[in-house]
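The block underneath contains the structure these notes are about, expressed in structure tokens.
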Amino acid sequence: MESDFKNIIDQLQQHKLWVETVGEQGKKLGLDEIDLRSIDLSDYSLDQAYFTECIFNSMSLQSSDFHNSVLCSSEFISTNLYGANFYKADLSYTNFSKSYMQSTKLAKADCYEAIFRDTDLTNANLVACLFYDTNFHNAILKNADISVASFKNVVLHGADLSGLRGVEEAIISSINIGTLDAPVILREEEAKRWIQSQAEK
């Protein structure tokens, strides 16, 4: 186990060098199915990396920079991600349930089948995100900005959308205001009107 731990630290250091030298030195990070909860990631560069099926549950990653990273199928359950940067990140199948994501930047992120159940996304930047089959069950989206974001088969049951911004500019194909077991599907203009009515509460 100790050699595995040292190997991961070495890879993180090589990636930091790769970022700092714009690819001239070091090596781009690629981790698969790694539990990172025992590592202090605050000293390392996390942007432009590959973290597939990695575990970040209950970590303190406030203001962390994951821009342009691939985080497919990773877990950030009950994680502190206040002010973190996921700009243009691939968050497909990523689980953010019960995480603290106030003021987080997810602009232009791919959130295909991502899970944000019971997640606090107050004041989050969701501009131009792709939300396909994304789950916001009981999420808090107060004052978040969804300008030019795309919504298709998105679960919004129990979500707090008060003060939601950019609704008129959002591309809304369909939403589910019921549950996964008992879906209530609204489409296009009807869906947009429903979201707007919730935003005005």
Original post:
Suppose R0 equals 25 Å; then what is the FRET efficiency for N153 and K28 from their Cβ-Cβ distance, rounded to the nearest 0.05?
Top reply: 0.15
Original post:
Hey, how many Å between the Cα centroid of the range 139-165 and the Cα centroid of the range 69-105?
Top reply: 16
**OP:** Among DSSP beta bridges lying fully in the chain, give the percent that are antiparallel, nearest 5.
**Re:** 10
Original post:
How high is the relative contact order of the chain, in percent, counting Cα pairs under 8 Å that sit 6 or more residues apart?
Top reply: 10
Subject >> Nonlocal amide H pairs with A49, under 5 Å, H built at 1.01 Å >> reply: S69, V70
Original post:
What list of ³J(HN,Hα) couplings, whole Hz, do you get for the range 152-159 from phi and the Karplus terms 6.51, -1.76, 1.60, once you set θ to phi - 60° and write x for glycine and proline?
Top reply: 9, 6, 8, 7, 10, 4, x, 6
Original post:
How much area per residue is accessible in the range 103-201 when the probe is 1.4 Å and only protein heavy atoms are counted (Å²)?
Top reply: 44
Original post:
In the Gaussian network model of the chain, springs joining C-alpha atoms below 10 Å, which of R187, R165, R117 carries the largest mean-square fluctuation?
Top reply: R187
Original post:
For helix 2-20, what angle does its Cα long axis make with the longest principal axis of the chain, in degrees from 0 to 90 and rounded to 10?
Top reply: 70
Subject >> Proximal aspartates and glutamates relative to K88, as straight alpha-carbon distance under 15 Å, when same-chain residues fewer than 8 apart are discounted >> reply: D47, D65, D110
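Is the range 85-201 best put as rounded, prolate or oblate by its Cα gyration tensor, with a ≥ b ≥ c the root eigenvalues, rounded for a/c under 1.5, and otherwise prolate when a/b is larger than b/c, oblate when not?
Judged from the Cα gyration tensor, the range 85-201 comes out rounded (a/c under 1.5).
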Subject >> Accessible surface, per residue, of the range 12-68 when the full set of protein chains is kept, probe 1.4 Å, Å² >> reply: 56
Original post:
Of all the accessible heavy-atom surface of the chain, with the other protein chains kept in place and a 1.4 Å probe, what percent is carbon and sulfur?
Top reply: 45
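The values are calculated or read from the model by the stated rules, or taken from the named source; none is laboratory data. Computed from a predicted structure; not experimentally measured. Counting neighbours? That spans all protein chains shown, and the Cβs are built from the backbone with ideal geometry, glycine included. These accessible areas exclude ligands, DNA and RNA; they are computed on the full protein's heavy atoms, side chains included. Shrake-Rupley method; radii C 1.70, N 1.55, O 1.52, S 1.80 Å.
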